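A.B. asks: Here it is: the structure, laid out below.
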Amino acid sequence: MKILNFGSLNLDHIYHVPHLVRPQETVLGDDLELVSGGKGLNQSVALALAGLNVYHAGAIGKDGKSLLEVCRNYGIDTQFVKCGQTKTGHAIVQVDSQGQNCILLYGGANFSITLDHIEEALEPFEAGDYLIVQNEINDVDVIIEKAAEKGMIIVLNPSPYRENITHCHLDRIHYLILNEIEGAQMTGLEDPRAILKAIVHAYPNLKVVLTLGDQGALYLDEAHFYEQPIYPVDVVDTTAAGDTFTGYFIAGMLRYQDVQEALKLASRAASYAVGHKGASSSIPSINNITD
Ligand code: RIB
């Protein structure tokens, strides 16, 4: 079984600010970190730190070669990351004194994925292999379609949620992992349980995980419902906590073949990330969170 994560790679500028900037306001930041990020890269790092072999596919510009080094240092296979003329994607992340964040994203090279690139990256993978994809690259629907044709197990994290997700055949996906904001955008509903029910009612084969920040996470499939509380920590920086959860949930499913155990592992890992500064640099190794 092999794992391919087709996803974004970003240069993150993380500014620590007393509060998130409001319209027409200028705020002086206390601290700036320049780190590697992108929901795709962060999830690959989480999978690698959980002990799995990961292939990452995606695109950077010449200014983003450091991201390749970062991936390689974690043991991530980058043979399907293309380096082109477009600037590397980047994110401007504000983190306030409570550790909450907001993110402005520039897609850049992440949106230069071609059909040839998709076919080349998927070529070595077969039925039973995993595809993980987020929504920070172009042609997510095509990637899902091609992976489904091969019989791959598909995990979609539709983050950030945009209208293009409605073009994806969600009946071809096995796991949908999203947060409450994305769930509300997708269904038009506010109540977390109602969001889950609406999604599973529409797509009965889906296993859905809805993350709720400090309220933990909920899981629903046709036959099971589980609630997972958080492991409380002092909040330092919530950046990449969701990515850590996603990577570790998949790792937990592969390790334990059990949803409740996977939820616990993911929650432990996300709590660790929330207690540490940075994006990919805040993700724990499996040894930090297991006995
Ligand atoms: O989920 C956190 C990530 O979102 C950051 O690393 C940033 O690059 C944005 O993609």
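A.B. asks: Return the calculated 222 nm mean residue ellipticity for the chain, to the nearest 500 deg cm²/dmol, obtained by summing -39500 (n - 2.57) across DSSP H runs with n ≥ 4 and dividing by the residue count.
C.D. replies: Calculated at 222 nm, the ellipticity per residue is -9500 deg cm²/dmol.
A.B. asks: Between Ala194 and Asp171, what is the FRET efficiency for a Förster distance of 30 Å, r being their Cβ-Cβ separation, to the nearest 0.05?
C.D. replies: 0.90
A.B. asks: What accessible area per residue comes out for the chain, rounded to a whole number of Å², with a 1.4 Å probe?
C.D. replies: Counting only protein heavy atoms, the per-residue value for the chain is 44 Å².
A.B. asks: Could you tell me whether region 84-135 comes out rounded, prolate or oblate from its Cα gyration tensor? Rule is a ≥ b ≥ c as square roots of the eigenvalues, rounded for a/c under 1.5, then prolate if a/b exceeds b/c, otherwise oblate.
C.D. replies: Oblate.
A.B. asks: If you take the square roots of the eigenvalues of the alpha-carbon gyration tensor of the chain and sort them as a ≥ b ≥ c, do you get rounded (a/c under 1.5), prolate (a/b over b/c) or oblate?
C.D. replies: rounded
A.B. asks: Further question on the same structure: Suppose each label sits 7 Å from its Cα in the direction of the beta carbon; what would the Arg72-Thr290 distance come out to in nanometres?
C.D. replies: Result for the modelled spin labels: 2.8 nm.
A.B. asks: Using the structure shown, select from Lys2/Lys65; Lys39/Lys146; Lys62/Lys150; Lys2/Lys264; Lys62/Lys264 the pairs with a Cα to Cα distance greater than 29 angstrom.
C.D. replies: Where the Cα-Cα span goes over 29 Å, the pairs concerned are Lys62/Lys150; Lys62/Lys264.
A.B. asks: Related question: How many nm separate the modelled label positions at Leu115 and Asp31, each set 7 Å beyond the Cα in the direction of the Cβ?
C.D. replies: Result for the modelled spin labels: 4.8 nm.
A.B. asks: Return the carbon/sulfur percentage of the accessible area of the chain, one whole number, probe 1.4 Å, all protein chains in place.
C.D. replies: Of the solvent-accessible surface of the chain, carbon and sulfur hold 49 percent.
A.B. asks: Compare Leu196, Leu104, Leu156 in a GNM of the chain, Cα atoms joined below 10 Å, and give the one with the largest fluctuation.
C.D. replies: Leu104
A.B. asks: Which FRET efficiency value, to the nearest 0.05, do you get for Ala127 and Ala202 by plugging their Cβ-Cβ distance into 1/(1 + (r/R0)^6) with R0 = 25 Å?
C.D. replies: 0.50
A.B. asks: For the modelled label position 7 Å from the Cα of Arg162 along Cα-to-Cβ, which residues of region 35-69 have backbone nitrogen atoms closer than 15 Å?
C.D. replies: Only 39-40, 59 fall inside the zone, counting backbone N under 15 Å.
The values are calculated or read from the model by the stated rules, or taken from the named source; none is laboratory data. Keep in mind it's a predicted model, so treat the numbers as computed, not measured. Neighbour counts run over all protein chains shown; Cβ positions are idealised from the backbone, glycine included. Only protein heavy atoms, including side chains, enter the accessible area calculation; ligands, DNA and RNA are left aside. Shrake-Rupley method; radii C 1.70, N 1.55, O 1.52, S 1.80 Å.
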